[in-house]
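Notes for the one structure printed next.
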Amino acid sequence: MAYLEIENIVKSFGETEVLKGVGFTMEKGEVVSILGSSGSGKTTFLRCLCGLERADGGSVVADGERVFPLEKGETHSLKIGLVFQDFRLFPQYNVLENVTLAMNLLSKQEIKKSGDKKRKFTEEKDKNEARAKDLLKKVGLIDKIKNYPCELSGGQQQRVAIARALALSPDILCFDEPTSALDPALTNEVLKVISDLRNERMTMIIVTHEMEFAKNVSDKIVFMADGVVEETGTPDEIFNRPKKDKTREFLSSSL
Amino acid sequence: MDFATITAELLSGFGTSLILFTGTLLLSLPLGLLFCFGSMSKIVPVKWFFKFIIWVLRGTPLMLQIVAVFYVPGLLTNGAFRWPDLNTGWQWFDANMDKRFWAVLFAFTINYAAYFSEIYRGGIQSVPRGQYEAGYVLGMNKTQVFFKVIWLQVVKRIVPPMSNEIITLVKDTSLAKVIGVTELMFAADAARAKGLIWPIFYAGAFYLVFVGVLTFVLGRLEKKLSYFKV
Ligand SMILES: Nc1ncnc2c1ncn2[C@@H]1O[C@H](COP(=O)(O)OP(=O)(O)OP(=O)(O)O)[C@@H](O)[C@H]1O
Ligand SMILES: [Mg+2]
């Protein structure tokens, strides 16, 4: 059994059937890139996976644990992070606060739940801050921790967004076209961060239009068309020996 | 009627105006948020109930509402309901904060809550959906997202339109005079009835100074929130 098993995800918006049965499997520490033309349902699929959208059917099992669908009141322990195309940093918080916010809220909740009076929030907060600084060092922004999002370039904002997503130690980190909103000159600094994460064996699902990058960074490519997975394979298989016409067409049009 | 007497009377009236202003603000700011949530409710009857209230409060003159709030409850209950006259023993307070004052405070509060609720609604709806989603994927719940992510962005957006309403409220307090609340314009008009015209300009100066102070304070608030962009 693979680490992540996604089967037959379907999703409609009203009359439009956007996902008609999307599924693939991946192992822990692997990088899967999802390719596909505009409107093929890549974003919708990621949103279903991260729980921003509720799929109409299908199943997701991670590490033997059911993630979707769940019974009412049932929960799962899989943590999935998502990095958006348009960063979505919180404008009123500086870089450091953007990264620590969710951690601090979680610490507060945990302290409350544990009822342990000796556990002090201030201590947890210091820990969270140290962790946030480590992450920001990793994405190369340690000298910007006091800056506000509006003072950063797109590439810098996206790197903060990655650090923010990493803060909660996600089991799987998803990216939805993380460089599409960036000037070409700024894409590399973001792609470099994602490559570094790959080298640390972060499990990642990346929707991208950066073909070279997908080729180099992925263990597996999932090619989507019209709401279904048309073809999956290693980068070599997909880029050099595509089996389906649609894949060939897509690749020739994206080069 | 010398200058000192007029000054004392206007100051007393200004005190009433100031309390009406402050009380209205303190009560209608939170009530407006409640109206706002109500008018955005997913429960359709609740939504339409609040939308109806807001429509009535914004669609009829405040002066009418003041009169209605003061007289109608008594008429409907055959006099069983009365706006209270508090006997605190503090003479100025009991003379000026009488039953008329409480009725006016009530009318102002619901009227301004209706206006504020629409400003809140505009502010809340102008925060992009993506900000909520960014919070949700970080594991925050709805309450956390609203208070930790959305709220300050809302505040930043609504400070300018709120400032406008707040300044309007300063001058609207003079409408309390319609049922005889002894506020600033009431005091100035009392002097006019005795043949003096200049006290109304003197009263105008009170309003101007107060609005000036408010403009300054609200401007500071706006500036304080200018460190980030939304
Ligand atoms: N909330 C929604 N309501 C209605 N239709 C939607 C909604 N979200 C997406 N769609 C439709 O679903 C289809 C797939 O959209 P999606 O954003 O998933 O495509 P995508 O593969 O991410 O495309 P792109 O490469 O342009 O980002 C589109 O036709 C889109 O119009
Ligand atoms: Mg998309």
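The values are calculated or read from the model by the stated rules, or taken from the named source; none is laboratory data. In this text, all values refer to a predicted model and were calculated from it rather than measured experimentally. Here the Cβ is made from the backbone with ideal geometry for all residues, glycine too, and neighbour counts use every protein chain on show. Note: accessible area is taken over every heavy atom of the protein model, side chains too, but ligands, DNA and RNA are not part of it. Shrake-Rupley method; radii C 1.70, N 1.55, O 1.52, S 1.80 Å.
The figures follow:
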{"read-out": "Descending semi-axes in Å of chain A, equivalent ellipsoid built from Cα gyration tensor", "value": "32, 23, 16"}
{"read-out": "B:Phe37 versus B:Gln125: modelled label distance in nm, points set 7 Å from Cα along the beta carbon direction", "value": "1.9"}
{"read-out": "Accessible surface buried once B binds A (1.4 Å probe; total of both sides; Å²)", "value": "1800"}
{"read-out": "Pairwise label distance in nanometres, A:Phe13 with B:Val211, each label 7 Å out on the Cα-Cβ vector", "value": "4.7"}
{"read-out": "Nonlocal amide H pairs with A:Phe68, under 5 Å, H built at 1.01 Å", "value": "A:Val60"}
{"read-out": "Residue among A:Met211, A:Met26, A:Met224 with the largest mean-square fluctuation in a Gaussian network model of chain A, springs linking Cα atoms under 10 Å", "value": "A:Met211"}
{"read-out": "Cα-based helix-to-principal-axis angle, A:184-199 vs chain A, degrees rounded to 10", "value": "80"}
{"read-out": "Sulfur and carbon atoms: percent of accessible area, the stretch A:91-250 [1.4 Å]", "value": "47"}
{"read-out": "For the stretch B:3-227: accessible area per residue (Å², 1.4 Å)", "value": "51"}
{"read-out": "Inter-centroid distance (Cα atoms) of the stretch A:184-254 relative to the stretch B:44-75, Å", "value": "60"}
{"read-out": "Residues in the stretch B:123-153 that, when all protein chains are in place, have 40 Å² or more less accessible area than the chain alone would give (probe 1.4 Å)", "value": "B:Gln131, B:Glu133, B:Ala134, B:Val137, B:Leu138, B:Met140, B:Gln144, B:Lys148"}
{"read-out": "Rounded to the nearest 20 debye, dipole of the stretch A:150-255 from Cβ charges on Lys, Arg, Asp, Glu", "value": "220"}
{"read-out": "Residue with peak Gaussian network fluctuation, chain A [Cα springs, cutoff 10 Å], from A:Cys50, A:Cys150, A:Cys174", "value": "A:Cys150"}
{"read-out": "Interchain or long-range residues, amide H under 5 Å from A:Val22's placed H", "value": "A:Asn8, A:Ile9, A:Val10"}
{"read-out": "Links that overshoot a 19 Å alpha carbon limit, given the list A:Lys192/A:Lys246; A:Lys28/B:Lys142; A:Lys146/B:Lys224; A:Lys28/A:Lys138", "value": "A:Lys192/A:Lys246; A:Lys28/B:Lys142; A:Lys28/A:Lys138"}
{"read-out": "Those residues of the stretch B:115-131 whose amide nitrogen sits under 12 Å from the label point placed on B:Lys142, 7 Å along Cα→Cβ", "value": "none"}
{"read-out": "Carbon/sulfur fraction of accessible area - chain B, other protein chains in place, 1.4 Å, %", "value": "69"}
{"read-out": "Charge dipole magnitude, Cβ of K and R +1, D and E -1 - the stretch A:1-117, Cα centre, debye nearest 20", "value": "400"}
{"read-out": "B:Glu222 accessible area, assembled protein chains, probe 1.4 Å, Å²", "value": "90"}
{"read-out": "Threshold 50 Å², the stretch A:101-137 residues less accessible with all protein chains present than alone (1.4 Å probe)", "value": "A:Leu105"}
{"read-out": "Charge dipole magnitude, Cβ of K and R +1, D and E -1 - the stretch A:93-169, Cα centre, debye nearest 20", "value": "280"}
